[in-house]
Amino acid sequence: MYKLPKSEIEEIQRKRLRQIVKYLYENSSFYRNKLRGIDIDEIRSKEDLRKIPFTTKDDIRDNYPFGLICVDFSKIVRFHASSGTTGNPTVVAYTIQDIENWSELCKRCLEIVDVNSNDVVQIAYGYGLFTGGLGFHYGAERLGAKVIPASTGNTKRQIKLMKDLGTTVICCTPSYGLYLAEVAKEEGINPKRDLKLKAGIFGAEPWSENTRRKLEENFVENAYDIYGMSELNGPGVAMECKFKNGLHIWEDHYIVEIIDPNTGEVLEPEEKGEMVVTTLTKEAMPLLRYRTRDITILNDDPCDCGLNHARIMRILGRTDDMLKIRGVCVFPSQIEEIIMKTNGLSPHYQLVADREGVMDKLIVRVEVAEDFKTDRLTDLVNIQNKLEEELKDALGINAVIELVEPKKIPRSEGKAQRIVDLRKIRGLL
Ligand code: DLL
């Protein structure tokens, strides 16, 4: 049961925190080292956690592949991995109990938006080392739903499956959701009329409120945000409820802190910063104060849905994806929000950062919407000017707007590649 009073959730957190710290001290040489000089009996509450140093992605990579595992090798039943751009991938190991807990959390996520055993759930996240496919699969099966393990790709077949099998819930990245809607239209299918999609469960990459609007206008009845990360199991760490106002993070399994990414100082609720997560129930590879690099705000106000698990607000982006253009910091999701509300543009875009002399330059490459028909150049120039002004007003950045024909920006079946930073490629950063 997870529909608990706040006081009970806090009690569970305190109990599990004490257990996990002790467990790590006894079973992990990596953490015994990290906890050196700390009286572990004194770690009893979320506040006490601050005495413990952070764990980083580099810690996992440096101890690749098995250094953070704290169970006997015979107890490991699965590996997943997420690939970085360089060096070792981040490998995560699972015991049977880990898979059990993870499945339960994914089930909860589906349950709180009313997915049930009558639903046909099409999973168009990748199955494999990526956690998306299998995570949702186990959660949906546990719910007794009818699962279509479609995985990514073969987009026309995905649409046919949706139509023929009567899919009611689609799970995929938001960018792939937009693409599925586009291809459905090309196939002469109007998803809102011809399909039965009551919900889309979209995650694994940042997206915006305006993208939600587009997805709900053109594809699914309700578009929900789900958050997760391989190191924390996979999808199912946090999920929006029907009120769509922040993602409930399962606090009986995770403790969240928000820190200033530059100083490491813990911030107050409602302050924006990097999310740091302590896992309370993971067995093979628990993590204390893990720096996710994801930027969000923690909101512990009561939610109208009655759940007492705190909410994280929509992830703005990762600290590593933040673009710094002439000193102004901006996340792709902020630019996306503005593109989406500019008439005449499609939701497909790419950001190219470069440097001319000593000056940073940002090119926002975006497709003109397919249904925007004009033979007057001035109409296009007007769109360009409007977007340029909006970006300047809202974000304070000067950008060069490049309008391109429909379908010129590469589509992705998984996480969209939004940024091309030529400054990095050319070794200028
Ligand atoms: O993306 C797990 C997942 C699968 C989540 C399917 C949701 C749905 P990784 O590949 O390890 O795991 O990538 C984790 O993706 O640190 C975020 O930067 C980003 N991310 C995940 N969900 C969201 C979201 C999966 N809802 C990284 N909004 C995280 C924004 C997200 N970013």
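Every number in this text was worked out from the coordinates using simple rules, so none of it is lab data. On a predicted model such as this, the values are computed, not experimentally measured, just so you know. Cβ atoms come from the backbone with ideal geometry, glycine included; neighbour counts cover every protein chain shown.
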For the pairs Lys156/Lys386; Lys51/Lys424; Lys146/Lys408; Lys156/Lys424; Lys185/Lys373, note any where the Cα-Cα span goes beyond 25 Å.
Lys156/Lys386; Lys51/Lys424; Lys146/Lys408; Lys156/Lys424
Which of the aspartates and glutamates could be linked to Lys242 by a straight reach, that is with a Cα gap under 15 Å, when you skip same-chain ones fewer than 8 residues away?
Glu111, Asp114, Glu209, Glu216, Glu221, Asp225, Asp304
Against the longest alpha carbon principal axis of the chain, how many degrees, from 0 to 90 and to the nearest 10, is the axis of helix 155-165 turned?
80
Can you tell me the relative contact order of the chain? Whole percent, Cα pairs under 8 Å, sequence separation 6 or more.
13
Taking a cut-off of 19 Å between Cα atoms, list the aspartates and glutamates near Lys22, but don't count ones fewer than 8 places away on the same chain.
Glu10, Glu11, Asp39, Asp41, Glu42, Glu47, Asp48, Asp72, Asp98, Asp252, Glu283
Taking the alpha carbon gyration tensor of the chain, what are the square roots of 5 times its eigenvalues, largest first, to the nearest whole Å?
37, 27, 19
Cysteines, the chain, no other Cys beta-carbon under 4.7 Å
Cys70, Cys106, Cys109, Cys171, Cys172, Cys303, Cys329
Just subtract the alpha-carbon distance of Arg423 and Lys192 from 0.36 nm times their residue separation and send over the number in nm, one decimal.
78.9 nm
Computed FRET value (nearest 0.05) for Glu217 with Glu100, which takes r as the C-beta separation and R₀ as 35 Å
0.35
To the nearest 500 deg cm²/dmol, what mean residue ellipticity at 222 nm is calculated for the chain from DSSP H runs of n ≥ 4 alone, each contributing -39,500 (n - 2.57), summed and divided by the residues?
-9500 deg cm²/dmol
If one compares the long axis through the Cα atoms of helix 132-143 with the longest principal axis of the Cα atoms of the chain, the angle in degrees, nearest 10, works out at 70
Compute the helix-to-body angle for 377-395: its Cα long axis versus the longest principal axis of the chain, expressed 0 to 90° and rounded to tens.
30
Over 24 Å (Cα to Cα) among Lys57/Lys407; Lys6/Lys198; Lys341/Lys415; Lys196/Lys244 -> Lys57/Lys407; Lys6/Lys198
Considering amide H positions built from the backbone, and no H for Pro or chain starts, which residues 5 or more places from Cys241, or on another chain, come under 5 Å of its amide H?
His248
Suppose each label sits 7 Å from its Cα in the direction of the beta carbon; what would the Val183-Asn343 distance come out to in nanometres?
3.2
Could you please rank Leu110, Leu267, placing first whichever residue has the fewest other Cβ atoms within 10 Å of its Cβ?
Leu267, Leu110
Using θ = phi - 60° and Karplus 6.51 cos²θ - 1.76 cosθ + 1.60, couplings along segment 184-197 (whole Hz; Gly, Pro as x)
4, 4, 4, 7, x, 10, 9, x, 5, 9, 9, 10, 10, 6
Which loop GluC sites (Glu not before Pro) in segment 249-320, with loop taken from DSSP, have no more than 13 other Cβ atoms within 10 angstrom of their Cβ?
Glu265, Glu270, Glu271
What relative contact order, as a whole-number percentage, does segment 323-429 give when Cα pairs under 8 Å and 6 or more residues apart are counted?
32
For labels at Tyr64 and Met1 in the simple 7 Å Cα→Cβ model, what's the distance in nm?
4.6
